[in-house]
Structure formats: structure tokens, C-alpha cells
Amino acid sequence: MQPATDKLTQDLRAVIGDAEALLKATAGQTGERIEKIRTRAEESVRVARERLQDAGEDLNGRVHDNPWTAVGVAAGIGLIAGLILARK
């Protein structure tokens, strides 16, 4: 599950980076429509950054608060994966 979470985090960071690059590239553009789109995009990037940071802190906090639960869940997933792979 961790590799999937890491990939999702990496993808979200890439999207944020691309959005920031797009905002910088269109900084010289003027017009009411462009300004509205830029404002919405800036807000979306800000919210995405906050959620990414909060999710990382939340997950880290949960593992530190309940290390044995995290170990148990990981062991259970490993056991189930092992049983499934052994059947094939």
C-alpha cells in the first residue's frame, strides 16, 4: 500500500508543479477571463498543497501513535498476499 501512496503523492506533486509552471507562463496574460482562471488555479494549487501536507502528517501521526497496529496491518497484508500468490 505504501508504494501506491508514494506514487500518488509523487503524481500530485508533479501536477502541482505543472500548474505552478503554467501559472508562471501565463503571468503576462491579461483579461478578465484569464484572471478568473488564474485565481481559481492558484486556489486549487494552494488547497492541493495543504491536503498533501495534511495527509502526510496524518499518516505519520497515526503510525507513531499506533506502531503495533501499523505492524499488524502490514503483516496481515503480507500474509494475505502470500496466500494468494501461493495458490497460483
Residues located in segment 23-49, provided they are surrounded by 14 or more Cβ atoms within 10 Å (Cβ to Cβ), within 20 Å of the chain's Cα centre (by Cα) and of a type in the set (A, V, I, L, M) = Ala41, Val45, Ala48
All but one of (1) in a helix (DSSP H, G or I); (2) modelled with pLDDT of 80 or more hold for Gly28; which doesn't?
-> (1)
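Going by the conditions given, is Val71 assigned to a helix (DSSP H, G or I), modelled with pLDDT of 80 or more, out of contact with any helix residue (DSSP H, G or I) (no Cβ under 9 Å at 6 or more places or on another chain) and surrounded by 11 or more Cβ atoms within 10 Å (Cβ to Cβ)? Spell out the reasoning first.
On the way: assigned to a helix (DSSP H, G or I): yes; modelled with pLDDT of 80 or more: yes; out of contact with any helix residue (DSSP H, G or I) (no Cβ under 9 Å at 6 or more places or on another chain): yes; surrounded by 11 or more Cβ atoms within 10 Å (Cβ to Cβ): yes.
In short, yes.
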Could you give every pair whose Cβ atoms fall below 7 Å, whose first residue belongs to segment 38-53 and is among the β-branched types (Val, Ile, Thr), and whose second residue is surrounded by 13 or more Cβ atoms within 10 Å (Cβ to Cβ) and assigned to a helix (DSSP H, G or I), counting only separations of at least 6 or pairs across chains?
-> Val45/Ile16; Val45/Ala19; Val45/Glu20
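The values are calculated or read from the model by the stated rules, or taken from the named source; none is laboratory data. Everything numeric here is computed off the predicted structure, so don't read it as measured data. Please note: Cβ atoms are built from the backbone with ideal geometry, for glycine as well, and neighbour counts cover all protein chains shown.
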